[in-house]
Amino acid sequence: MSAELPEYFFRVRENGAFVFRVDTENRNRRIEMDQIAVVNIRNGEIKPHGQRALSEQDLAEIKSWMQARTATLAARDMDDIHRAVDHLNLTAHWANSRATDAQLEEVTDALLLAMHDLRSVLVRKKADRMLKVRGDG
């Protein structure tokens, strides 16, 4: 563990985090974490914990974390999509070279429906973008 701990700790949860202030300057020299807020990334809400009033520094640190967390999640989303493209390519190779008839029978309908749905969405979104560029939308 490093000699100096951060002043704030963010316990990540599905749509945000619980925010704690880290205290090591107590008489027992123990690490204490005092929950100060709950953060919701999706709607940008910052709720003080209990009857606590958040300082300007607390709010600045929380907003900075929210910005960084949003960027991290966006990067992960794009990485997941790039991985999905790789998986589609690997799936095509598997279906073409190694899959048995029974394996293909098990997954063909689900794959065809998922790919049809994806194709429909992508074509519609591409058309929308092209209309915007032309000035028709």
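In the stretch 107-124, the residues that are under 18 Å from I81 (Cβ atoms) reach residues that are part of a helix (DSSP H, G or I) and at pLDDT 95 or above with C-beta atoms within less than 9 angstrom, at least six apart or across chains, in these pairs: L111/T91; L111/A95; M115/L88. Of all residues in the stretch 91-102, one or more are assigned to a helix (DSSP H, G or I), touching a helix residue (DSSP H, G or I) at 6+ places or on another chain (Cβ under 8 Å) and surrounded by 10 or more Cβ atoms within 10 Å (Cβ to Cβ).
If you take the residues of the stretch 40-56 that are part of a strand (DSSP E or B) and not charged (D, E, K, R), which of them is surrounded by the most Cβ atoms within 10 Å (Cβ to Cβ)? Filtering first and then ranking leaves I46. Within the stretch 56-92, the only residue that satisfies the criterion of being basic (K, R) and in contact (Cβ under 8 Å) with a residue 40 or more places away in the chain is R69.
Of the residues making up the stretch 18-39, at least one is surrounded by 10 or more Cβ atoms within 10 Å (Cβ to Cβ), among the aliphatic types (A, V, I, L, M) and assigned to a loop (DSSP other than H, G, I, E, B). Any idea which of I41, I81 is under 20 Å from Y8 (Cα atoms) and of a type in the set (V, I, T)? Testing whether each residue is under 20 Å from Y8 (Cα atoms) and of a type in the set (V, I, T) leaves just I41. Consider the stretch 1-17 and keep the residues that are within 21 Å of the chain's Cα centre (by Cα) and not in a strand (DSSP E or B). The one that is surrounded by the fewest Cβ atoms within 10 Å (Cβ to Cβ) is E14.
One residue alone among E25, E14, E7, E32 is touching a helix residue (DSSP H, G or I) at 6+ places or on another chain (Cβ under 8 Å) and either among the polar types (S, T, N, Q) or at pLDDT below 95 (or both), and that residue is E7. Among the candidates A95, A99, A53, the residue that is within 22 Å of R11 (Cβ to Cβ) and without any contact (Cβ under 8 Å) to a residue 24 or more places away in the chain is uniquely A53. Surrounded by fewer than 10 Cβ atoms within 10 Å (Cβ to Cβ), at pLDDT 95 or above, out of contact with any helix residue (DSSP H, G or I) (no Cβ under 6 Å at 6 or more places or on another chain) and assigned to a helix (DSSP H, G or I) - does that describe any residue in the stretch 57-71? No.
The values are calculated or read from the model by the stated rules, or taken from the named source; none is laboratory data. As the structure is a prediction and not an experimental result, all values here were calculated from the model. FYI the Cβ positions are ideal-geometry reconstructions off the backbone, even for glycines, and counts take in every protein chain you see.
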